[in-house]
1. Tell me, which residue of the range 33-92 that is within 30 Å of Ser230 (Cα to Cα) and part of a loop (DSSP other than H, G, I, E, B) is modelled with the highest pLDDT?
2. Given the structure, is Asp434 in contact with a Lys or Arg (Cβ under 7 Å, 6 or more places away or on another chain), under 20 Å from Phe306 (Cβ atoms) and not in a helix (DSSP H, G or I)?
3. What is the residue count in the range 426-460 for residues that are free of Cβ contacts under 8 Å to residues at least 40 places away in the same chain, more than 30 Å from Asn283 (Cβ to Cβ) and hydroxyl-bearing (Ser, Thr, Tyr)?
4. Within the range 115-149, which residues are polar (S, T, N, Q), modelled with pLDDT under 90 and part of a helix (DSSP H, G or I)?
5. Which condition from (1) buried (at least 17 other Cβ atoms within 10 Å of the Cβ); (2) of a type in the set (Phe, Trp, Tyr); (3) farther than 26 Å from Gly446 by Cα is the one that Tyr404 breaks?
6. Pairs needed: first member in the range 297-323, more than 13 Å from Tyr239 (Cα to Cα); second member anywhere, part of a loop (DSSP other than H, G, I, E, B); C-beta distance under 6 Å; at least 6 residues apart or different chains.
7. In the range 150-157, is there at least one residue being modelled with pLDDT of 90 or more, under 21 Å from Tyr108 (Cβ atoms) and surrounded by 14 or more Cβ atoms within 10 Å (Cβ to Cβ)?
8. Search the range 276-290 for residues that are without any contact (Cβ under 8 Å) to a residue 40 or more places away in the chain and more than 12 Å from Phe408 (Cβ to Cβ) and pair each with any residue that is surrounded by fewer than 21 Cβ atoms within 10 Å (Cβ to Cβ) and of a type in the set (Gly, Ala, Ser) when their beta-carbon atoms are under 7 Å apart and the residues are at least 6 apart or on different chains.
Amino acid sequence: MQVVKNYLYNASYQVFVLLIPLITTPYLARVLGPTGVGINAYTNSIIQYFILFGSIGVNLYGNRQIAFVRDDKDKMTKTFYEIFLMRIMTIVLAYAAFLIFLMTTGSYHIYYLAQSVSIIAAAFDISWFFMGVENFGVTVLRNFVVKIVTLISIFTFVKSFDDLNIYIMILSLSLLVGNMTLFPNLRRYIGKVKLKNLRIWQHLKPSLVLFVPQIATQIYLVVNKTMLGSMTSVQSAGYFDQSDKMIKMILAVVTATGTVMLPHVANAFMKGEVEKTKQFLYNSFSFVTALSVPMMFGISAVARKFVPLFFTDKFLAVTPLMMIESVVILLIAWSNALGTQYLLPTNQNGAFTKSVVLGAVVNIIVNIPFIMLWGALGATLSTVLSEVTVTGYQLFTIRRQINYRSLFTDTWKYMLSGFTMFIVIFVLDKNLTDSWLMLVLEVVIGIAVYSTLLILMRAKIIIDAKNMIKHK
């Protein structure tokens with residue numbers, strides 16, 4: 001039940017954090033327009049590279065290391081300070097590199113400076129520690145007030161394209177303040193430590209091992225916007241960004257299991273419970289498949305109605321992007337279960353690294369001709385191909401470790417139910433009027449169709465849910 005509780009905490013946190021852009025995106029699409037949205041997406045994509053290189057894989061590495069030593073307060077205290085101080089130093093170097101970059105670039109200086117506050121915020125992000133000790137309640141609660149203030153600030157101070165810099169600054173400061181609110185909660189977990197006893201740089205090499213896959217992951221998450229902004233226009237980057245935001249918002253509910261399961265599986269693996277780690281994988285894989293399949297089919301079915309209602313007619317180009325990119329909801333759900341929930345906690349870092357590096361290479365190679373031919377649509381297609389590569393390689397890597405039949409139990413039931421739901425919603429979408437009421441009706445009917453079919457086919461997730469309720 002602890003894992004379920006942590007999942008609900010983390011999923012709630014991810015959804016809450018993403019509710020802010022869900023509320024603000026329609027407003028910002030109207031007041032900033034495609035150009036303003038595009039400039040923010042493009043400049044932020046550049047800043048993410050400096051945050052990435054400054055963080056050097058600490059989020060994954062720190063989470064795992066704290067999980068390894070959480071039963072020993074002295075070791076945990078020492079480990080926290082060593083990793084935290086190492087990240088402070090690397091972020092300082094990253095900000096220095098950013099200032100050099102700023103002197104060499106000829107445009108968007110004021111926007112880059114506002115975005116750069118996010119680099120400083122990354123130095124004080126210690127959420128990895130609380131994930132390692134499996135206290136997800138802290139990360140759920142930490143940003144509630146900050147996010148509410150952010151929401152109010154956006155509607156109060158951002159009124160037109162001229163306020164774009166204010167908007168970027170509000171977002172950057174919210175990250176910084178949100179990260180700072182975590183520090184008071186540290187006292188119950190860690191004690192005092194002498195600086196002379198710290199061996200900060202012992203964590204550099206193992207952190208860099210996990211840094212390589214994060215580089216690759218970031219490349220195929222951010223490079224699309226960078227390349228679109230450079231090769232076509234910031235408007236194309238804006239269209240892609242809007243589609244990507246919606247897909248990532250939906251994905252947050254699914255991938256929340258990865259953050260929860262990593263320390264849990266790592267702790268079981270350290271105790272030699274190998275079979276237990278495999279069972280975790282089978283259960284988690286089935287769970288994320290059951291969640292992601294209806295999300296994938298659902299967003300594709302309602303995209304035609306959703307985009308003009310949510311973004312306005314200025315963003316109609318987003319519709320085909322969302323329909324195609326919806327495929328990655330299932331692919332990333334699978335790779336998250338295989339990679340973050342199995343390969344990483346079982347110390348198979350090499351296989352995880354190769355999978356995301358291959359994905360990044362495919363993305364960059366395919367991006368160039370695809371973007372030149374089809375612009376934002378080409379970037380979306382290359383995103384799908386890169387995710388197919390990542391997931392395919394991970395499945396190939398673990399072929400001798402797990403039973404595919406156990407892994408894909410009931411997958412056909414989820415896919416059949418999801419496809420049937422898609423047909424029903426797609427037909428309704430074409431015949432019902434374009435309004436929020438009709439869109440909500442389609443979603444409700446879709447959920448009912450999918451759930452009913454799973455119950456009729458006695459899918460494992462339904463049986464597990466019933467057993468959980470009985471034993472609660």
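The values are calculated or read from the model by the stated rules, or taken from the named source; none is laboratory data. Because the structure is a prediction, the values reported are computed rather than measured. When we count neighbours, we look across all protein chains shown, and the Cβ atoms used for this are built from the backbone with ideal geometry, even at glycine.
1. Ranking the qualifying residues of the range 33-92, first place goes to Ile56.
2. Here the answer is yes, as Asp434 does meet what is asked.
3. Qualifying residue count, the range 426-460: 1.
4. Result: Ser127, Thr139.
5. Just one mismatch for Tyr404, condition (1).
6. Pairs that qualify, where the first residue is more than 13 Å from Tyr239 (Cα to Cα) and the partner is part of a loop (DSSP other than H, G, I, E, B), are Ile299/Ser326; Ser300/Ser326; Lys305/Asp434.
7. Scanning the range 150-157 turns up at least one residue that is modelled with pLDDT of 90 or more, under 21 Å from Tyr108 (Cβ atoms) and surrounded by 14 or more Cβ atoms within 10 Å (Cβ to Cβ).
8. Lys276/Ala268
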